[in-house]
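Quick note: the coordinates plus some simple rules give every number you see, no bench work behind them. What you are looking at is a predicted structure, and each value in this text was computed from that prediction instead of being measured. Glycine also receives a Cβ, built like all others from the backbone with ideal geometry; neighbour counts cover every protein chain displayed.
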Amino acid sequence: MVLFMKLILEDKLEIIKMYETGYSIAVISKKIKVNKSIIKQIERQYREHGIESFKEKGKNKKYSSEFKMKIVNRVLNGESKSGIAVELCVNKGMIHSWVKKYKELGYNGLIEKKKGRPPKMKPKNNETKLDILIDDKDKLIKEQAEKIAQLEMENDLLKKLRALVEHRNKQQDEKK
């Protein structure tokens with residue numbers, strides 16, 4: 001039975017060593033209990049990029065939306081996910097995830113969203129919370145005053161329009 005499991009660097013180096021000493025992919029697969037396609041992928045990555053490509057790259061590496069879009073386009077144009085993964089040293093599962101998100105949400109699915117709780121509002125220039133509340137209150141009062149002035153102006157215009165309409169109606173009644 002061949003299992004799917006996460007291989008550590010030592011496992012990958014062992015696979016490469018066995019392959020270079022002449023073991024076939026099928027034999028390596030049985031000995032290490034890993035799928036043949038994984039062995040082929042490791043061998044190809046080693047051949048194309050060397051041992052350095054297996055070293056830890058750091059966790060939670062971020063990829064730009066444009067980079068993801070280029071990879072998704074390549075997959076949609078018929079290139080294999082495995083081939084692209086080996087070529088760019090990117091996890092095949094991530095490529096699959098990007099393609100799925102693109103198919104569901106379009107380009108917006110590839111945009112990195114911030115995770116976690118937003119930071120608390122911090123006072124600027126050593127302002128206290130009271131200063132911020134006062135500023136907010138003043139701002140609200142100013143906005144309300146502007147709104148009142150706008151509504152008063154609209155009322156005045158409506159009154160003038162009503163007076164004009166009444167005047168015109170009165171003139172028409174006098175002509176009859």
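Where a ≥ b ≥ c are the square roots of the eigenvalues of the C-alpha gyration tensor, would you call region 58-118 rounded, which needs a/c under 1.5, or, failing that, prolate if a/b is larger than b/c, or oblate? In terms of gyration-tensor shape, oblate. For V34, nonlocal amide neighbours, meaning residues 5 or more places apart or on other chains whose placed amide H falls under 5 Å from its own, are L3.
Measuring against 29 Å, Cα to Cα, the residue pairs K31/K81; K61/K120; K17/K62; K92/K113; K30/K100 contain K17/K62; K30/K100 as the ones spanning a longer distance. Computed 3J(HN,Hα) for region 102-112, one whole-Hz value per residue from the Karplus formula 6.51 cos²θ - 1.76 cosθ + 1.60 where θ = phi - 60°, is 5, 5, 7, 10, x, 4, 4, x, 8, 7, 6, glycine and proline marked x. For the peptides 19-30, 147-158, residues were scored by their other Cβ atoms within 10 Å and the scores averaged per peptide; the highest-first order is 19-30, 147-158.
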